[in-house]
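Coordinate-derived values only; no laboratory data. A quick note: this is a predicted structure, and the numbers were derived from the prediction, not measured. Because the Cβ atoms are built from the backbone with ideal geometry, glycine has one as well, and the counts that use them run over all protein chains shown.
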Amino acid sequence: MNDISSATRITPWSVNDLKLDVDAILRGQGADPAVLRARRPRLVEIAETALENSRYLLEPIVYSRTLMVETLRHEKLELEGGFSLQGAWITRELAPAESVHAIICTVGARIDEAVSELMDSDLLQALALDGVGSAGAEALAQAVCKQIEDQATAEGKQTSVPFSPGMLDWSVEDGQPAIFGMFAGAAIGVALTQSYLMRPRKSLSMLVGVGGQLGIKGTTCDYCAMQGTCKYRDFYGSQAKGSEAVPTGK
C-alpha cells in the first residue's frame with residue numbers, strides 16, 4: 001500500500017482567496033438574503049459587522065490526495081493503494097473517471113470557539129459568526145474545485161461535480177468513513193466523530209473525479225438530496241457551474 005502520509009497534500013490557503021460577502025454570510029445562517037434585507041435589516045448589519053471583524057478567525061487549509069481508478073467490480077470502485085468506494089450510485093458516477101481527488105477542507109476551530117463563547121451573551125452575533133464559518137468553508141470548497149477544474153481543463157480533461165456524503169444515495173454513514181479512510185495514518189487537522197460529524201465543525205469532505213470521458217455533469221444541486229425543497233436552488237444552481245461546490249448544511 002502507498003505511504004499515505006507522503007501522498008497527502010496539506011495546503012494552507014489565504015482568507016483573501018475566499019470569495020466572501022454579506023449575502024454568503026446570510027446564506028451560511030440558512031437565511032434568504034433578499035428576505036432579510038427587506039424585513040430584518042438589523043440582521044444584515046450584524047452580518048456585515050461579523051464579516052468585517054471575524055475574517056481573521058478563519059484558518060483555511062485543505063487536505064487532499066489523488067488516487068487512480070483501477071477497476072469497477074460489482075458496485076465496488078477499486079482505487080490505487082487498496083482503497084475503494086462501494087454503492088451503486090457513487091460508483092456509477094465516478095466509474096468513468098481516470099482518477100479521484102479525495103478532499104477534506106476546513107476553516108479551523110477558532111471560529112467554532114468564538115461562536116461558543118458568544119452563544120450565551122450575544123446570540124445574534126454568535127449566529128452571524130457561525131454564518132461566517134459556514135460561508136468560509138463553502139468558499140474554500142469552491143476555490144479548491146475550481147483549481148482542480150482548471151488543471152483538468154489544461155490537460156484536456158473534465159471534472160465531475162464534487163460528491164459529498166449525504167448526497168442522494170450516498171449516505172453519510174457510508175461516505176464519511178470512505179473518505180476519511182483515504183487519509184488514515186496521515187496527520188490531518190480534521191477528525192470524524194462516532195456520529196460521522198467532522199471536527200472542526202466548519203469542514204467539508206468531498207470527492208472529485210477527473211478524466212477524459214466524464215461528459216456533461218450538470219451542477220451539484222442536481223445530485224442533492226434536498227432538490228425540490230431547497231429554497232437556495234435557484235441561486236446555487238446558477239453559481240455551481242462545473243465542479244463548484246454548494247452548501248451542505250454545515
Query - Projected area averaged over orientations for segment 1-103, convex hull of C-alpha atoms, nm² - result: 9.4 nm²
Query raised in the report: Going by how many other Cβ atoms sit within 10 Å of their own, how do PHE163, PHE83 line up, fewest first?
Result: PHE83, PHE163
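Give the order of TYR63, TYR56, TYR196 when sorted by the count of other beta carbons within 10 angstrom, beginning with the fewest. Don't skip to the answer; put the middle values down first.
Values: TYR63 22, TYR56 9, TYR196 16.
If I rank by nearby Cβ atoms, fewest first, I get TYR56, TYR196, TYR63.
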**Report entry** Sparse-neighbour loop sites [trypsin sites (Lys or Arg not before Pro); segment 61-135; at most 16 other C-beta within 10 Å; DSSP]
**Finding:** ARG73
**Report entry** Sparse-neighbour loop sites [GluC sites (Glu not before Pro); segment 20-69; at most 15 other C-beta within 10 Å; DSSP]
**Finding:** none
Report task. Express the C-alpha Rg of segment 84-169 as a ratio against the empirical globular expectation 2.2 N^0.38 Å, rounded to two decimals. Result -> 1.46
Report task. Provide SER195, SER84 in ascending order of the number of other Cβ atoms located within 10 Å of each residue's Cβ, fewest first. Result -> SER195, SER84
